[in-house]
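Notes follow once the structure below has been shown.
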Amino acid sequence: MKNAFRSLARKYHPDRSSEPDAEEKFKEIQEAYAVLSDTEKRQTYDRFGHNAPGGSPFGGFGGGSFNINLEDILGGDFFSSFFGGGSRRSRNRGNDVIVRFSVNLESIYHGTSEELDIELPTSCEDCSGTGAEDGDIISCSNCGGQGKIRARQQVGPFVQDVIRDCPTCSGMGQIIKTKCKTCKGSGQSMKETKLRFNVPKGADDGTRLRMRGKGEPALRGRGENGDLFIELEIEQHEWFERSGADLVMSLPLDYADLILGRTIILPHIDGSELKIVVPKMTNSGETIEIRGKGLPRSRGSGRGDVVVLVKLQMPSKVSKSEIKHLESTRPEYSSEDLQEIIRSDANKRRQ
């Protein structure tokens, strides 16, 4: 029964559930558990149901309170998210640190080893991370050195005893009597650090590389360091845009190139030459796919493709003689001719 109650209470707790009637359901669940866990009330319900003498055992609570320890039933971690507590791991662990690092597409293609000089928080050497001068630390009088205080919290119709971190000592059970002059009681100092890490082939923009234990030291030096995350930012390329493992580019050509065709050679990110063959009579807006010339796939084997979008490049200036020539060669279309051209083009695109 306790497992079923725990599952339903977690689902319908008003601070977690988005259900419109979550608060009402949560109260009903609490009341049901209070009755079913009481032998006498349960026997009454088994005999009379909701029509028990003196009223239903589920409906007689009114505004009263029941001293049921929901923390024992649901677990301390459930209430810690609402009442300011936290897991042992989060209290005894330093914060994580995120560093952003820019790389180009060539680095993503080949995969590289990188170095980065950066200032990171480390434990103060003069006080060993305690923040206290000569280790001058005393027991917290507010919590008696326990790091915890007990408070009462109303949860629906129940009164809940909540154990939370002591605000005076931040849950450490000790306070600094004399602060370290070097770190002014923080227990931390900034230190220039050289980081060495590998950028994997085909890494995506926003990929985070974790370096365990390289983050912020734990409070008072009691616990493990946080982690350092290096977040990769992919620099913009001169002409390529990325779509997963594929590389997409726009190729502006003039009218003659589209009619007669053309071959273009470009330097490629893999160190080779990228050969783009534009066939004769290519329409603006058509794409040319070059298989296996994209980026390495981060999952699986092989490479993506290069996708070239062909565009008609309009000239910025046209001479009078060119205009005259165009006017003399421009065909005359009737309305019916234009309709047929449009219809034919639509059919080609559907095929």
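The values are calculated or read from the model by the stated rules, or taken from the named source; none is laboratory data. Everything quoted here is computed from the prediction, not taken from an experiment. Every residue, glycine among them, receives a Cβ derived from its backbone with ideal geometry; neighbour counts consider all protein chains shown.
Are there any pairs with C-beta distances below 8 angstrom linking a residue in segment 94-105 that is of a type in the set (Ser, Thr, Tyr) to a residue that is exposed (fewer than 14 other Cβ atoms within 10 Å of the Cβ), with the two at least 6 apart or on different chains, and if so which?
Filtered contacts from segment 94-105: Ser102/Glu233; Ser102/Glu235.
Can you pull out the strands (runs of 3 or more DSSP E) entirely within segment 170-238 that have at least 2 residues that are free of Cβ contacts under 8 Å to residues at least 60 places away in the same chain, surrounded by 15 or more Cβ atoms within 10 Å (Cβ to Cβ) and not β-branched (Val, Ile, Thr)? Show your work before the answer.
On the way: elements: 174-176, 188-199, 208-211, 228-234.
In segment 170-238, 208-211 are the strands (runs of 3 or more DSSP E) which contain 2 or more residues that are free of Cβ contacts under 8 Å to residues at least 60 places away in the same chain, surrounded by 15 or more Cβ atoms within 10 Å (Cβ to Cβ) and not β-branched (Val, Ile, Thr).
Does Val318 meet the test of being within 24 Å of Arg242 (Cβ to Cβ) and in the same structural domain as Leu251 (by TED's automatic domain parsing)? If you could, list the steps in order and put the result at the bottom.
Details: within 24 Å of Arg242 (Cβ to Cβ): no; in the same structural domain as Leu251 (by TED's automatic domain parsing): yes.
No, not satisfied.
Check Ser344, Ser298, Ser321 and return the single one that is in contact (Cβ under 8 Å) with a residue 60 or more places away in the chain and either assigned to a loop (DSSP other than H, G, I, E, B) or loosely packed, with under 11 Cβ neighbours inside 10 Å (or both).
Values: Ser344 fails: in contact (Cβ under 8 Å) with a residue 60 or more places away in the chain; Ser321 fails: in contact (Cβ under 8 Å) with a residue 60 or more places away in the chain.
None of the others qualify; the one that does is Ser298.
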